[in-house]
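No value in this document is a laboratory result; all are computed from the given coordinates. None of the values given here were measured: they were computed from a predicted structure. For neighbour counting, all protein chains shown are included, and Cβ atoms are generated from backbone atoms with ideal geometry for every residue, glycine included.
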């Protein structure tokens, strides 16, 4: 079980660019995110399956962040 503060930190990290955490990837995978959360001390342990469920329940999809940003650049922001 994680606290609300830990949940907020998980959601925040999922929305950040992995390059800011010195990860050589363009977008977060659940495994990379789980490893970074442990390295950052957000949680002592977390599985990539669990962070997938947590992010999915909040409808946070870090793997689609770039796709959405590209669409907004092409079509402009929603009004």
*For the residues 16, 4, what sequence is obtained by ranking on other C-beta atoms within 10 Å, fewest first?*
4, 16
*asked:* Quick check: residue separation of residue 5 and residue 31 times 0.36 nm, minus the Cα distance between them. What number comes out in nm?
replied: 7.3 nm
*On full extension of the chain, what length is gained from residue 39 through residue 60, given 0.36 nm per residue of separation minus the C-alpha to C-alpha distance?*
5.4 nm
